[in-house]
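Beneath this line is the structure, given in structure tokens, with notes to follow.
The values are calculated or read from the model by the stated rules, or taken from the named source; none is laboratory data. Please read these numbers as outputs of a predicted model, since none were measured by experiment. No Cβ is skipped: glycine too gets one built from the backbone with ideal geometry, and neighbour counts run over all protein chains shown. Surface areas here come from the heavy atoms of the whole protein model, side chains and all, with no ligands, DNA or RNA. Shrake-Rupley method; radii C 1.70, N 1.55, O 1.52, S 1.80 Å.
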Amino acid sequence: MIQNLVRPNIRRLTPYSSARSEFKGKAEVFLDANESPYETGYNRYPDPLQWKLKQAISTLKGIAPEHIFLGNGSDEAIDLLLRIFCEPGADHIITLPPTYGMYRVSADISNVSVKEIPLRPGSFQPDVEAVLAEADAHSKLLFICSPNNPTGNSIRPGLIRELTKGFPGIVVVDEAYIDFSAQESAIHLLPEYPNLVVLQTFSKAWGMAGIRLGMAFASEEIIGYFNKVKPPYNINQLTQEAALKALDKQEAQEAQVKQLLGQRTLLQQYLGGLPFAERIYPSDANFLLVKVEDPTGIYNYLVDRGIIVRDRSRVTLCEGCLRITVGTPEENERLFRALVEFE
């Protein structure tokens, strides 16, 4: 089934063969890759398939390394999915707005059209019947962001199952914020659904946005296509080392997530007491979507005080809303004091 969804030119593609990918075994003298022989700590190319890092992630996530792809942020995985499965000018993707904007940007870059099926107002859950009714043989990718950005809610597991079972193409569940949610990751559904891809990232709960490292979990067949299309050394050595160090500090990461969840609850309470806050939407992420009376005025007011939030008031179903990231206790207190003085 998966092979039939892949673009014919990608099926035929002979991938670039790097020096390190060709070599198997143990060596002491490397004269194969035209590198500098002078030791700097980084004079050699990194492992093109990042096996040491994948093994560490495998232990954490409970999934075999062969089911893991690592990208330059989740954005690389999104871009490669479009390259692998979508024929420019012919195929399309389906998104569920309001949602992460890079799905459309990546599609536009690849000359792939986008069909939008808005989430249900209020609940921000997908209309399964509408999505499946719109899908056809050219519907190659369905993007489901859960917890969703910018609304913060998780998509109900039963709906994810229905969509994955009924969709004719690849279903991509983007779990950038999963570490802040009590809901189980869709990774456990991979053995059941060969057309499922799950995205996660080191940018949010791991506090490593600066190293640009995203993860994709999928069948070995789909991971094989990722590895076929990706640049030969897409994850540099510095990023691999930084991620391994972060994974060695899992207790510290869990403590930070716990603190952020506590601060999220406090921030919900603070904002709920403000006279101009009309609604604080439930959140399974590290941010809150807040409907206010004057979003543009409040946004500009905060900017003048050196505090930056995100104005989402022009986004479908988010009219009148600001998206506010949960900060440190000190940052949240500064935000609240500024908002109390807003007139």
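In a DSSP loop and with at most 10 other Cβ atoms within 10 Å, there are no trypsin sites (Lys or Arg not before Pro) in the range 161-265. Here the range 209-257 is treated as a sphere whose radius is the Kirkwood value from Cα pairs; by Stokes-Einstein at 10 °C and 1.306 mPa s it diffuses with a coefficient of 124 µm²/s.
Each 5 Å bin from zero holds the following percent of Cα-Cα pairs in the range 152-250: 2, 11, 19, 21, 19, 15, 9, 3, 0. Accessible surface calculations at 1.4 Å, restricted to protein heavy atoms, place the range 186-260 at 44 Å² per residue.
Return the carbon/sulfur percentage of the accessible area of the chain, one whole number, probe 1.4 Å, all protein chains in place. Within the chain, the accessible surface is 50 percent carbon and sulfur. A Förster distance of 56 Å, applied to the separation of the beta-carbon atoms of Glu220 and Glu341, puts the FRET efficiency at 0.50.
In this rough spin-label picture, where each label sits 7 Å from Cα along the Cβ direction, the Lys249-Ser123 distance is 4.2 nm. For the chain, the share of DSSP beta bridges that are antiparallel, to the nearest 5, is 55%.
Classified by the C-alpha gyration tensor, the range 260-337 has an oblate form. Its axis ratio a/c, with a ≥ b ≥ c, is 1.5 or above, and a/b does not exceed b/c. Evaluated at 20 °C with a viscosity of 1.002 mPa s, what Stokes-Einstein diffusion coefficient in µm²/s does the chain have when Rh comes from the Kirkwood expression over alpha-carbon pairs? Translational diffusion coefficient: 99 µm²/s.
Full extension of the segment from His188 to Ala33, taken as 0.36 nm per residue of separation minus the current Cα-Cα distance, would add 51.9 nm. Note on Lys52: lysines with a C-alpha under 19 Å away, same-chain residues under 8 apart excluded, are Lys24, Lys26, Lys61, Lys230, Lys245, Lys249. For the pair Ala130 and Arg310, a Förster radius of 22 Å applied to the C-beta separation gives a FRET efficiency near 0.20, rounded to the nearest 0.05. With K and R counted +1 and D and E -1, the other residues having a Cβ less than 13 Å from that of Gly158 yield a net charge of +1.
The convex hull of the Cα atoms of the range 91-179, projected and averaged over all directions, covers 5.2 nm².
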